[in-house]
Amino acid sequence: METDCRNLWNNCLNVIRDNISEPAFNTWFAPILPLKYEENVLTVQVPSQFFYEYLEDKYLDLIQQTLYREIGEGTILNYRILVETQSNTAVELRGESKYVAGNNALPKKISAKVPSPFDRVETAEFDSQINNKYTFANFFEGESNRLARTAAEAVAANPAKTAFNPLFVHGHSGVGKTHLCHAIGSKIKQLYPDKKLLYISAHLFKVQFTDARRFNTINDFINFYQSIDVLIIDDIQELSGLGKTQNTFFHIFNHLHQNNKQLVMTSDCAPMDMQGMEERLLTRFRWGLTTQLDRPDKELRKKILQQKILADGLSIPDNVIEYIAENVTENVRDLEGIVVSLMAHSIINNRDIDMSLARRVLEQSIKFEKKRITVEKIQDTVSDFFNVKKDLIQSKSRKREIVQARQVTMFFIKKHTELSLSQIGVHVGNRNHATVLHACSTVKDLAEVDRGFRSDIEEIERLLQS
């Protein structure tokens, strides 16, 4: 039967390949696995919910006509999707059909119930979707996250009984928002096992809402969410521009808040900076505490590295940890990824982790950006190098050593910034553009003929880059 199923699907693929481009075929059809064919229903496995939605949206006509041609009119396509949870369960979704056997002009929707959390609201095995490996114990505190962490711990200890309802946490990707969500959920589950708690991404929320509208189960959808005691929604900005989804979430939010239920939300930006979100929702987002998770500072990055190294049983010298913390500055995910890469290189190449290996891995893994050289840094560096006060460089003094420091300042500002000659002049004592042009030309010419002066210019450049 499995062979027959594979043959049927391969016949369909041959037709589909002839009707779309090769890149589209390789992206959207090659990964599909045929599973079974029973009672006029062909079941296939697709990698994700998004994959299923894209196929139904873009290729519904082509898929349906191909099935009818190669297998028979009335053939139904059933999608199986692996859901990435701790149990790696699978859900099955029926494809839509715009055709009725024998009359392709008549639209007809295939009735099917989408598996959802609504079916098991009252069961004792309610899945909160919390990942218990993310806790407060391994969420390290620093200046960049102290307020957010403190508020999160307060919410976890007394959900809906603090002023932090809702708790709205925002920050760039990778700074720990999702970790904090799961830490809150883990602590609440530990302290209040009877509370119905749910962690969900805003993307999955809107997918569920779309399916509820499709299958006319909006009331079930709303009733389910209004029964939650602690609702944690990650990346709430995903609802931007979705008026109907926002309207439904507005009513869910109101019901939960008025009934003393806890809400926690995260976003990549503050409510005041969100675009495409209804004002009445933004107002409610600000009812409780809005706090930001900043990028981790160097000390926090070192703590995170040391914990990751300890957990993985690695031995990494302190100077290597210092080097990584100094150069990997954007987010926690990058730090953890570097440690994994170091471990892999060490094992594969059978060598100790040292500075040489660290430099090699970082050069392959992250983009090193030149440190931004500002006008102020140039002024300070030149002033210190020539031992001339900055206000004298700005003055109209014609003393030789001051004029030279002034000209060198103009030269480096032109080299390292995008300011125009007139703008450079403003920064150096309100000189005109002709004076700046003459100064830059003078420094360049003198450096070509005077070895000592050229050495000074090179040393100042090195100081600026350090």
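Segment 275-307 to segment 1-65: how many Å between their Cα centroids? Their Cα centres are 42 Å away from one another. For the chain, the longest principal axis of the Cα atoms and the long axis of helix 298-311 meet at an angle of about 50 degrees.
Averaged over its residues, segment 286-347 has an accessible area of 51 Å² per residue, based on protein heavy atoms and a 1.4 Å probe. Over segment 365-466, Cα pairs under 8 Å with separation of 6+ residues give a relative contact order of 27 percent. For segment 134-196, the share of alpha carbon pairs falling in successive 10 Å distance bins from zero is 22, 57, 20, 1 percent. Take each peptide in 437-445, 260-268, count the other Cβ atoms within 10 Å of every residue, and average; sorted highest first, the result is 260-268, 437-445. Extension gain, Asp384-Asn430: 0.36 nm per intervening residue step, less the Cα-Cα distance, totals 14.4 nm. Over the Cα atoms of segment 1-45, the radius of gyration divided by the Kirkwood radius equals 1.00; this is the Rg/Rh ratio. Estimated from helical segments only, the mean residue ellipticity of the chain at 222 nm is -16000 deg cm²/dmol, where each DSSP H run of four or more residues counts as -39500 (n - 2.57). If R0 equals 25 Å, the separation of the Cβ atoms of Glu326 and Arg146 corresponds to a calculated FRET efficiency of about 0.70. For the chain, what relative contact order do you get, as a whole percent, if you take Cα pairs closer than 8 Å and at least 6 residues apart? Relative contact order, the chain: 10 percent. Given in Å, the Rg to one decimal and the Dmax to the nearest whole number for the Cα atoms of the chain are 30.9, 98. Counting only alpha carbon atoms, the long axis of helix 202-214 and the longest principal axis of the chain meet at about 30°. With a Förster radius of 41 Å applied to the beta-carbon distance between Ile20 and Arg213, the computed FRET efficiency rounds to 0.90.
Extending 7 Å from the Cα toward the beta-carbon at both Gln292 and Phe453 defines two label points whose distance is 4.6 nm. Listed cross-link partners Lys133/Lys244; Lys133/Lys161; Lys244/Lys298; Lys36/Lys308 are compared with a 32 Å cut-off, the Cα-Cα value being larger for Lys133/Lys244; Lys244/Lys298; Lys36/Lys308. For a Förster distance of 41 Å, can you work out the FRET efficiency between the beta-carbons of Asn40 and Ser173, rounded to the nearest 0.05? Taking R0 as 41 Å, the efficiency between Asn40 and Ser173 is 0.35. Per residue, segment 351-445 exposes 64 Å² of solvent-accessible protein surface, assessed with a 1.4 angstrom probe and all protein chains in place. The residue list His416, Phe386, Val375 was ranked by how far each Cα lies along the charge dipole of segment 369-420 toward its positive end, using unit charges on Cβ atoms, and Phe386 comes out on top. Subtracting the Cα-Cα distance of Arg6 and Lys399 from their residue separation scaled by 0.36 nm leaves 132.6 nm.
The convex hull defined by the C-alpha atoms of segment 122-277 has an orientation-averaged projected area of 9.3 nm².
The values are calculated or read from the model by the stated rules, or taken from the named source; none is laboratory data. Note that the coordinates shown come from a computational prediction; the quantities given were computed from them, not determined experimentally. Reconstructed Cβ throughout: ideal geometry from the backbone, glycine too, with neighbour counts over all protein chains shown. To get the accessible areas, we keep the full protein, side chains included, count just its heavy atoms, and leave off ligands, DNA and RNA. Shrake-Rupley method; radii C 1.70, N 1.55, O 1.52, S 1.80 Å.
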